[in-house]
Each structure stands twice: as structure tokens, then as C-alpha cells.
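The values are calculated or read from the model by the stated rules, or taken from the named source; none is laboratory data. Computed from a predicted structure; not experimentally measured. All Cβ positions, glycine included, derive from the backbone under ideal geometry; neighbour counts span all protein chains shown.
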């Protein structure tokens, strides 16, 4: 419905209710409706799921159409990110948000900072999703509010051409609301617990949920040691539970991202149930590290499986966990991926120990032999030392090609001494093109950085503290923060406006008319930034 149509609709509704509604202005009411496009989280989930599905189809047609996101731990960070994207690129196309369980644990738990081990309150995740979308909706209201003010000014000036342009701009307004891929960890319990939490996350607005195949009560960060996986059937129950949650809430297009941690996980808590040789349970158990046992030499507490007529004892640790054979990680990842897609997942996530296109592609090629349109979400993780990894990759490639690398010490390639070298320049170019290369070669539909704003907050705060509490004092803030905000056109330099003061003034005027006590008068110091 166009802006003009919305006004007419409101005028008719007001007229139909007679004198008691006589003080209600139809255009003001229409503006409030336009500024609140999404009434519920489910409205958002349905809208954004459709966007993701369309983007997935576009990627299948051309892998240059990959998507990206940055991990976000606060609504304000999400809001500023999307405002920045619209400012620099004109639209939010193929740009999402990622909600990292790591950052929820580290920054949003009532227990204080926690490691990424699913110890934080599970309700923190849906609460943060709701917060992110509250801030994005507020960005819509703020931007539209400024357009309404410009429209009023054009009308007052008698500039009908500008007024018509602004009405069209209002009709064509692009929302700041974008898809979010949200981390549900390992489900925070059994399949029923996964289903209950998934519903809360979807109701808050999430259209895509990422779940991993680790055991819930031993869940570990994907880039740390001690990861423990579960048999496929247990994982598939949770995938089905999430699908049921999407269907129950009327979001059938919802996306499930199945993550495998098997590449770095050498342990399992359970021996899979198997009915017959070659079934999925038997395939899982085939990776167990076992010793053949003589029936006359059975030790206390041993557990046994039979395979090919032999009695085998899986290696059982004091932790009561079983270990996999070394070197089986990639094979287990491939099996995890194929079976997760067959169980109803839409996208895959392979957690790796380094960013290496050919390593990822090697596994995806095998998956695509069975599921040709298999696609990945890939973690461009800050846990990787990107500089060192890519310099070493270039070093190794040069050495293999017979190029002289005697000027470089492979173990010291992170050193600033190498920053101006040809090797460093080639490595940086590979980092720059990693996402495009990975999407073309390795089936990566979505690239995300899990923890970027955690690190940017730390870096910028360190730089400000060093200057402000040092000799630069107030100049440390003015020169490096405020002056740069003004000159780079950062919207929140007008922080009262960003926090909703002008929208509040508009409402005061709607509600109180001439009696409104507005904050945005001539004495508001934000007017000092009018030229900015």
C-alpha cells in the first residue's frame, strides 16, 4: 500500500468513528503505521526467510552472488552496521547479521563473561535476537521520520516536485531489517529442549538457525580442543525438531544450518545404535579407534562392539568418552554433511582449523557427488591468524614451485619485517579474494565473521583510552572520534537523534498538538551538528 493510500485508509477509519476521534490526524497515524512495518518477530522471520531463499537460488545460478554477515552482540552495533551498509552501498542486498553464541556467552550472560560452552542462559539468545530487531526497526522509524520532516518542509515551501519525490522515496523505502543466522549451539539439551528454544528464537525474528553436532553437555568452542560429537540420529532428531518449530509457527521457508565439528573433534560420548552392517550407526562406529580383543582376555569395565565377526573394544577414556581413529576427520565431515542434508538441513557449516579454500573444496566436492546443490555457511573466524596462515600458504606454494624463499623464515612470517615484501602482498591479495574464491570453488553461499565487533570494540576502546588518559586528553576524543564522525558522515554523531529524540518529538506533536513540549528546539546542542 502506498503512503497516499495509507493516509486515505486512516482518514476513512477516523471518519467512521465520529467525533470522539476528531482530534486524530490521519496522516500522522499513517506515518506511525509506515514506521512500524513489522508488528511481530514472526513477521520478520517470514520476510527474511523469503529473502534468504531467493538469495540461495541466486547463488545456485551464479556463485558470485554469495552473501555476507558480521557477528553482532548488541542491537546498537547491528543498527549502526546496517545504517553504514545503506550509506556506503545504497542497499542491504545479500548482507545479513550473524548472532554468535560465543559472543552471547562472553558478553551477554548474567553470570558474567563465560567461555563458549553453552553455560549461559538459553533465553539470552532469543532475547538478543529481539533486541537486534528492535534497534533495526528503530533505524527504520528514524530514517522515515526524517523523510516525513523533509516532506513537510517541501510542502510548506510550495515545492510540489520535491514533495512528490519524497512521497515516492517513502513508498520505496528499504528497511534495515535483514536476515539473521542465529546460533543455537548444540540445542541446549535434548531434541525437545532444542524445539522449545528454536520456537523462542523464531518468534523473536530468526529465519535461520545454526545447530552443531556436538554433545550438549560437553559443547566446546569450534576452535578449541576437547570437542565431542554425537551419533547422526541424535543430531538429526534436533534438525527435525527445528523444522517442526518453523512449521508450527508458520515459517515453512525457515532455514536450518547444520554444522559439523568432526574435523577437529576426536571424541564421542556414545556408540551409535546399529541394526545391520552398513547402516548409519555402523558407519559412525566404523570410525572408532578399536582394539581386537581375545574373549579370554576381557578387562573389567570394557565395552565391546562386533564387526566382521570380530570382537572389538573401542578405546574408552577415563572421561567415559570414546576416541575416533586419527585422520578420519574429513571422512566424518563428509558423512555428517550428506546425512544432515538428507535429514532436512538446508545449508552446511564445516568448522575448520584454518582458512584454506582447497581443503574446504575437497570436502564439498565429495558432498556434491551425492547432493549437487550443497552449499556452505563458512566461519571466517578471528580465531585464525589470517596473516600468518596466508603467508605460509604462499610460502609453501612458492617453495613447491621452486621459487627462491631463502629470504623468508616460515615460522616468523607474521613479523612486521615482512610487511612490505612480495610474499606479504600476494598473501594479502589471497585474503582479499578469499570469499569470492571460496564461493566459486568451495560452494560457500554465506561468509561470516563470528566475533568482529568484539575485537573492534576492544581495539577502538584501547586507542581511545591511550589517547584520552595520556597527553592528548580531550583532543584524543575530539580528533580521533568526534571529528572523524563528522567528516565521515557517521549518523550517530547526532546521538540524540539516533536514540529516538526526534521520533519522540513527532509523537508529542501528534498527541498534544501545540501543547507539545519538544526536545528539538533551538537550544538543543545537537543543532551544532546540523552542517554535519
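The table below lists the values:
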{"quantity": "Enumeration of residues in region 324-363 that are in a loop (DSSP other than H, G, I, E, B) and free of Cβ contacts under 8 Å to residues at least 60 places away in the same chain", "calculated": "325, 327, 328, 354, 356"}
{"quantity": "Region 487-503, residues that are farther than 20 Å from residue 78 by Cα and surrounded by 15 or more Cβ atoms within 10 Å (Cβ to Cβ)", "calculated": "502"}
{"quantity": "Residue match in region 270-280 (condition: over 25 Å from the mean Cα position of the chain (by Cα) and assigned to a helix (DSSP H, G or I))", "calculated": "yes"}
{"quantity": "Criterion: out of contact with any helix residue (DSSP H, G or I) (no Cβ under 7 Å at 6 or more places or on another chain), at pLDDT 90 or above and outside the structural domain of residue 360 (by TED's automatic domain parsing) - qualifying residue of 286, 306, 274, 319", "calculated": "286"}
{"quantity": "Residue identified as under 22 Å from residue 499 (Cβ atoms) and over 16 Å from the mean Cα position of the chain (by Cα) among 165, 155, 142", "calculated": "142"}
{"quantity": "Yes/no for residue 354 being out of contact with any strand residue (DSSP E or B) (no Cβ under 8 Å at 6 or more places or on another chain), modelled with pLDDT under 95 and within 25 Å of residue 183 (Cβ to Cβ)", "calculated": "yes"}
{"quantity": "Residue that is farthest from residue 278 (Cα to Cα), among those in region 306-323 that are under 41 Å from the mean Cα position of the chain (by Cα) and in a strand (DSSP E or B)", "calculated": "316"}
{"quantity": "Flag if residue 185 is buried (at least 19 other Cβ atoms within 10 Å of the Cβ), touching a residue at least 60 places away in the same chain (Cβ under 8 Å) and in the same structural domain as residue 51 (by TED's automatic domain parsing)", "calculated": "yes"}
{"quantity": "Number of the condition not met by residue 448 [criteria: (1) over 30 Å from residue 403 (Cα atoms); (2) under 20 Å from the mean Cα position of the chain (by Cα); (3) part of a helix (DSSP H, G or I)]", "calculated": "(3)"}
{"quantity": "Filter pass, residue 450 being surrounded by 15 or more Cβ atoms within 10 Å (Cβ to Cβ) and over 30 Å from residue 22 (Cβ atoms)", "calculated": "yes"}
{"quantity": "Residue in region 12-20 that is surrounded by 13 or more Cβ atoms within 10 Å (Cβ to Cβ), outside the structural domain of residue 447 (by TED's automatic domain parsing) and in a helix (DSSP H, G or I) present", "calculated": "yes"}
{"quantity": "Candidate set: region 87-116, residues that are within 19 Å of residue 143 (Cβ to Cβ) and in contact (Cβ under 8 Å) with a residue 40 or more places away in the chain; chosen: the one surrounded by the fewest Cβ atoms within 10 Å (Cβ to Cβ)", "calculated": "91"}
